Amino acid sequence: MAAFDFASLERRVSALEARQPASLRFGRVTEIDGGKCRVQLRDGQDVVTRKISTVQRRVLKDQDICMPDIGEPVACLVSGQGEEEGVVLGAYYNEREQDPGQPPTHDYKRYEDGARVFYDRKAHELVMDVPPAGRILLRVGASQIEITDQRILIQSPLVDINP
């Protein structure tokens, strides 16, 4: 009796998997490590991906990085070779995590502690709303402005008011 050729079977399975197109899959983040995360896919089998990269707005010279939270619903583009290759495209709204309802002219961020930052392109207005226990700190070289709910502190080698 001839021995079974596992190498041949593996090559044939790999060739079949390579013919599969990429697929859009949905799931929830289970782990975050640097710029990668693992996602439990909603496919009835609760398969968890290996660590896959996340799509970001910018990563080379200027960086704009915003990782999803553990448990956040995300959309993934997964290659035809299984869950080994793919990227997390980003989070999406659903019945549990609903759209905050900001106008389309607002670039909006809301944080877990209640802080909000938004820019209204139409009104040309930048708003930072920080909870009372928080602070806003602006620094340029040796100068800084610190804003808390109790005071505004300006530190600088020179301060001109209405020069």
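The values are calculated or read from the model by the stated rules, or taken from the named source; none is laboratory data. The model shown is predicted, which means the values in this text are computed figures rather than measured ones. Heads up, the Cβs are rebuilt from the backbone with ideal geometry, glycines too, and the neighbour counts pull from every protein chain shown.
A quick yes/no check of all residues on (1) at pLDDT below 90; (2) β-branched (V, I, T); (3) under 17 Å from the mean Cα position of the chain (by Cα); (4) not assigned by TED's automatic domain parsing to the domain that holds D149:
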position	(1), (2), (3), (4)
S23	yes, no, no, yes
R38	no, no, yes, yes
R58	yes, no, yes, yes
S79	yes, no, no, yes
D113	no, no, no, no
R116	no, no, yes, no
R121	no, no, no, no
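Matching residues to (1) part of a strand (DSSP E or B); (2) in contact (Cβ under 8 Å) with a residue 12 or more places away in the chain; (3) closer than 30 Å to K36 by Cα; (4) of a type outside the set (D, E, K, R):
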| site | (1), (2), (3), (4) |
| --- | --- |
| G71 | no, yes, yes, yes |
| L77 | yes, yes, yes, yes |
| G101 | no, no, yes, yes |
| I154 | yes, no, no, yes |
| N162 | no, no, no, yes |
Seminar exercise, completed: If we keep only residues of region 40-51 that are farther than 13 Å from P73 by Cα and not hydrophobic (A, V, I, L, M, F, W, C), then the residue modelled with the highest pLDDT is K51
